[in-house]
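The values are calculated or read from the model by the stated rules, or taken from the named source; none is laboratory data. Owing to the predicted nature of the structure, the values given are computational and were not obtained by experimental measurement. Heads up, the Cβs are rebuilt from the backbone with ideal geometry, glycines too, and the neighbour counts pull from every protein chain shown. Quick note on the areas: whole protein, heavy atoms, side chains included, nothing else; ligands and nucleic acids left out. Shrake-Rupley method; radii C 1.70, N 1.55, O 1.52, S 1.80 Å.
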Amino acid sequence: MTDTATPTPHDILTREEAEGRAARIRSADYTMGIEIQRGAATYNGDVEIRFDDSGSGDTFLDYRGKRIELLEINGHSAVPRWDGYRLTLPGDLLGKSNVVRIVHENEYDHGGDGFHQFIDPEDGEEYLYTNFEPYEAHRLFPCFDQPDIKGAYQVTVTAPSEWEVIANSRAERSVEQPDGRTRHVFPRTLAFSTYLFAIVCGPYHQVRDQHGDVDLGLFCRKSMAKYLDADELFTLSKQGLDFFAEFFDYPYPWGKYDQVFVPEFNAGAMENVGAVTFNEYMVFRDPPTDNQRRRRAETLLHEMAHMWFGNLVTMRWWNDLWLNESFATYMSYLCLEKATRFTAGWQDFNAAIKNWAYREDQLVTTHPIAGQVEDTDQTFLNFDGITYGKGASVLKQLVRAIGMDGFRDGMRHYFKTHAFGNATLSQFLAALEQGSGQDLDEWSRLWLETSSLNTLRAEYGTDGMTITSLTLHQEAPEAYPHLRPHALDIGLFHGAEGPMEVDIVPAFISDATADVPGAHGKPKPDLVLPNYGDHAFAKITLDDASVRFLREHIERFDDMLVRQLLWSSLWAMVRDQQLKAQEFLALVREKLPLEPSVELIDSVLNHATAVLVRFTPGEMREEQAHLLFEAAWDGLHRAEPGDAQIVWARAAFNVSVVEEDVERLRQLVEGEHTIEGFSVDQNMRWSLATRYASMDLPGARERIEAEAERDPSDRGHRAKVQAETSFPYREVKEQAWQKFHGEGYGSLYMTAAAMGGFNWWRQRELLETYVERFFENVVGIFEQPNKEFATTYFGALFPAYRAERSVLEGSERLLAEVGGRLPTLERKLREANDDLERAIRCQEYARS
């Protein structure tokens, strides 16, 4: 038996190492058994790995565990050479065909990755699930943990008999054991990458259905079963399976399709083969808006698209992660529009996905969509808005350029050619070239291999009545001087004196300027909107006359996507110091009550809250918050019962920082004030309790205890600890600080909840000492191997609430000291500094 050696500082795999290993290892085949005891801190495994080896010398398996009890290589017992992360396979024991057996023990994880263990506080039940992307499968079992060494897996899991056991294939038999457990035997799978392997265990509630020859399963914790809306989820699943199978001309390849909602999940979802895991927030404990349902539908379809793109055909290495995620994002929105009731998906794409991409592409850490990823730590960093949002936006523009038929035909060729294998970006583009008949080399160079984004604006001349010329202008940042091809439409709106009308003119630009002859002779416009229809990925600058017109008439545009684009332009103007924060908030108060689309109200209120918190000077913030609260309070009372009431109410709770506003919310929560058709949900009740704590209002502790009794769930436990950390007392903050840096709160999710109550801008004097202490401690946090904890720590505790030059200077000093030693921390600091600099400039502009 060999205990874990002292781990090396980082558990990473480099691209060079992966390429070397993939060049010699073939036909990996895993036969494994997992032994699980109820309530234990550890589990046991026994894995046999068969593989061919065309190389010579040592190679290695990845394994991060507690101990290795037995190692056999081709029938020979061997003493493990293992540093806690890598298990060396000596070359003198290897042949062309090999069998390696490892008996091992490991501890459960509590950070959302690896093999996560969760105890439900409501009923004490235990739930387990795996989460492995990009490089965590070796936390469950020894393996060749890289995407281009695909394997087949035959799994046996022995677990308590009352539990469900879910894996990548359907169990072929289950045998009861004398000790109250059941042994579940799963047939050998088809080949797929290790990061897509999954085991989920526990007393999950299940609902089953069938679609053609595909078995469908939905699972959630027993305490969540009353919230599971299985009918809608099954309907979406069936619509997605039909759409993708027809579009790709390739039937669903994995036999069964289970979808499991799991607790304390770090991401939104994970596309494990045939066993997708979802964050539990997608099981709605409070009444959801249709916007929430649509975004859940997009996530469901995103993961389903991966069953073909990512799982059936997989990237060779993580430098093509962008393609994996961008493709799934684009296809999910396409499916939303074509196959489901959520036909306004592209408006949501602009509001959520594209705005995320625009923000990240303007940071100092912008990077090409496609590029070299040197190791698995860099992969972790690249799960960002450029990977998901910009890539999907660029694919959307490419489809417009080559045509939907060419795109579809290319994808069909791609899947037929590379099924169950790995492929590269060049092979993907070759398939699209075959489908469309177009050369994409230059497009790839300009769009995928360069950073940042272009700015487009229109300039036009008239004879007083009609357009005599219209020129598109394209600009690029000085640091990234790349002009790109853009295929787009231009909307020419006129309606100052009557109904709003639009002429739509196609345009194309690849240089600094381009004439738009289709606009000649059109009526003189009141507003010119480049990128009508939102096909281009570019920052849009409106001319002064158009800005004046939209500020006066934005509610009069009939098309919801147009109004979304115009509001996004105003948001961008605030970020670029072209519109003051208080002016944007005044427009929100004036115009948003006239907006008929609840989805757009939701989007604009989210931007308004961000403007209030980040870009409004501290001395103006309470006044502006109160004015926005008044608008939300009025909107809540005027709205029809349903989604509109929920959206306005959430905004009111979010911006309530003045005592008189909090008092009105208290009356609403306690039933002293009622609104026809509206009920306060539990999240709103917790929001009020946390606000009471942060403002130290009378009865705050009693309110927290009352809500904890009302909501004994895991959500309630997290909300309670967040509220308790929000009190403005030095001893409260110090106790929390010590726990952040010590034993924590039991799991990453609980610790993150406590961190979420730590920093409040109204408590800036109390928190003064923790600014410097953050900068003193954060390096040590990032020197540890737990990346999820480190990024959570940074996101919650970096003093972003203080848009002050002194804080920025302190952060810049730390960045200079870190240099390139800790790449993840370096990137986080650079992005935080960029955001802080922008907030400072916006607040200075608001004061001017």
GLU837 paired with LEU483, simple spin-label distance in nm, labels 7 Å along Cα-to-beta-carbon: 2.7
Heavy atoms only, probe 1.4 Å: what % of the accessible area of region 109-266 goes to carbon and sulfur, would you let me know? 47
Which links in LYS256/LYS396; LYS338/LYS524; LYS150/LYS739; LYS396/LYS522 stretch past 32 Å when you go from one Cα to the other? LYS338/LYS524; LYS150/LYS739
Relative packing of peptides 503-514, 671-682 - highest average C-beta neighbours within 10 Å first: 503-514, 671-682
Within region 427-507, report the GluC sites (Glu not before Pro) that DSSP leaves as loop and that have at most 11 other Cβ atoms within 10 Å. GLU478, GLU497
Pick out, in residue order, every one of the trypsin sites (Lys or Arg not before Pro) in region 85-167 that is DSSP loop and has at most 15 other C-beta atoms within 10 Å; say none if there are none. LYS96
Name the lysines eligible as straight-distance cross-link partners of LYS226: C-alpha to C-alpha under 21 Å, and not fewer than 8 places from it in the same chain. none
When all protein chains stay in place, what accessible area (Å², nearest 10, 1.4 Å probe) is found for THR130? 0
Given charges at beta-carbon only (K, R positive; D, E negative), |dipole| of region 377-530 in Debye: 500
Computed for region 146-233: size of charge dipole around the Cα centre, +1 on C-beta of each Lys and Arg, -1 on C-beta of each Asp and Glu, debye to nearest 20, value 320
Taking the dipole about the Cα centre of region 688-788, with the C-beta of Lys and Arg at +1 and of Asp and Glu at -1, give me whichever of TYR692, GLN722, GLN735 is farthest to the positive side. TYR692
Compute the long axis of helix 618-638 from its Cα atoms, compare it with the longest principal axis of the Cα atoms of the chain, and write down the angle in degrees, 0 to 90, nearest 10. 90
Can you give the Rg and Dmax of the chain based on its C-alpha atoms, in angstrom? 27.8, 92
Please report, in Å, the Rg and the Dmax of region 279-395, where both are computed over Cα atoms only. 14.7, 44
Nearest-ten-degree value, helix 598-610 long axis tilted from longest Cα axis of the chain: 90
Rounded tilt (10° steps) of 805-818 against the dominant C-alpha axis of the chain: 30
Set Lys and Arg Cβ to +1 and Asp and Glu Cβ to -1, take the dipole of the chain about its Cα centre, and tell me which of TRP318, THR194, GLN154 lies farthest positive. GLN154
Just tell me which lysines come within less than 28 Å, Cα to Cα, of LYS733; anything on the same chain fewer than 8 places away is out. LYS720, LYS787, LYS828
Working out 0.36 nm times the residue gap between ARG773 and ARG24, then minus their Cα-Cα distance, what length gain in nm do you get to one decimal? 264.8 nm
In nm, to one decimal, how far is the modelled label at THR471 from the one at ASP558, with both set 7 Å along Cα→Cβ? 3.4
Within the accessible area of region 343-404, what % is carbon and sulfur when the probe is 1.4 Å and the other protein chains stay in place? 55
Net charge, VAL647 excluded, C-beta distance under 11 Å - Lys, Arg +1, Asp, Glu -1: -4
Per residue, the convex hull enclosing the Cα atoms of region 694-848 spans a volume in Å³ of 124
Grab the other residues whose beta carbon is less than 12 angstrom from that of THR88, score K and R as +1, D and E as -1, and report the net. -2
With the 1.4 Å probe rolled over protein heavy atoms, the chain has an accessible area per residue in Å² of 37
Applying the Karplus parametrisation 6.51 cos²θ - 1.76 cosθ + 1.60 with θ = phi - 60° to the phi angles of region 703-720, what ³J(HN,Hα) value in whole Hz is obtained for each residue in order, glycine and proline being reported as x? 5, 4, 5, 5, 5, 5, 6, 5, 10, x, 6, 4, 4, x, 5, 5, 5, 5
With a 1.4 Å probe and every protein chain kept in, tell me what percent of the accessible surface of region 418-485 is carbon plus sulfur. 48
Highest average packing first - 840-847, 296-303, Cβ atoms within 10 Å: 296-303, 840-847
Farthest toward positive dipole pole in the chain [+1 Lys/Arg, -1 Asp/Glu at C-beta], among LEU587, ILE12, THR130: ILE12
Debye, to nearest 20: dipole size of the chain, +1 on Lys, Arg Cβ, -1 on Asp, Glu Cβ: 500
